[in-house]
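Enquirer: Before anything else, here's the structure in question.
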Amino acid sequence: QVQLVESGGGLVQPGGSLRLSCAASGTDFKLYAMGWYRQAPGKQRESVARITSKGSTNYADSVQGRFTISRDNAKNTIYLQMNSLKPEDTAVYYCRLDSTRRVYWGQGTQVTVSS
């Protein structure tokens, strides 16, 4: 059974940084693309950053240059380093694994950017 567990969220002031982690289990992690998504209150879930099995990355325009996605296949974990955080980055952040058969989601971690 595939499980994704996010951690690292919290409250941070504007301009601050956070690093999110997503640990995967129950699958051959290194084979699959992974991604970070977020959902703010009253808004649809949106893609933030994605990383392929080979390590290629892409980002939403709103986070380009501020966020960095990475993966450690030895630890079955992906990360999202978030710098220069803005209030509009406030949301629940979810990780996603795209297997050949289906998509798996984590439970989410809250990120709040506020002074």
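Enquirer: Every residue in segment 75-93 that is crowded, with 19+ Cβ neighbours inside 10 Å and among the aliphatic types (A, V, I, L, M), please.
Expert: Matches in segment 75-93: 78, 80, 82, 85, 91.
Enquirer: Then there's this: Counting only residues that are open to solvent by 20 Å² or more (accessible area, probe 1.4 Å), part of a strand (DSSP E or B) and out of contact with any Lys or Arg (no Cβ under 8 Å at 6 or more places or on another chain), which one in segment 94-108 is modelled with the highest pLDDT?
Expert: Among residues in segment 94-108 that are open to solvent by 20 Å² or more (accessible area, probe 1.4 Å), part of a strand (DSSP E or B) and out of contact with any Lys or Arg (no Cβ under 8 Å at 6 or more places or on another chain), the one modelled with the highest pLDDT is 96.
Enquirer: OK, next. Pick out the one residue from 27, 112 that is open to solvent by 30 Å² or more (accessible area, probe 1.4 Å), among the β-branched types (Val, Ile, Thr) and either in a loop (DSSP other than H, G, I, E, B) or within 24 Å of residue 1 (Cα to Cα) (or both).
Expert: 27
Enquirer: For segment 1-17, enumerate the residues that are within 18 Å of residue 114 (Cβ to Cβ), assigned to a strand (DSSP E or B) and either β-branched (Val, Ile, Thr) or open to solvent by less than 30 Å² (accessible area, probe 1.4 Å) (or both). Give the derivation first.
Expert: Restricting attention to segment 1-17, the residues satisfying the condition of being within 18 Å of residue 114 (Cβ to Cβ) are 8-17.
From what's left, assigned to a strand (DSSP E or B): 10-12.
Within segment 1-17, 10, 12 meet the criteria.
Enquirer: Also, I was wondering about something else. Does segment 57-93 hold any residues that are among the polar types (S, T, N, Q), under 20 Å from residue 10 (Cα atoms), in contact with a Lys or Arg (Cβ under 9 Å, 6 or more places away or on another chain) and not in a loop (DSSP other than H, G, I, E, B), and which are they?
Expert: Hits for segment 57-93 are 77, 81.
The values are calculated or read from the model by the stated rules, or taken from the named source; none is laboratory data. If you're wondering where the values come from, they're calculated on a predicted model, not measured in any experiment. All Cβ positions, glycine included, derive from the backbone under ideal geometry; neighbour counts span all protein chains shown. These area figures cover heavy atoms from the full protein model, side chains too; ligands, DNA and RNA do not enter into them. Shrake-Rupley method; radii C 1.70, N 1.55, O 1.52, S 1.80 Å.
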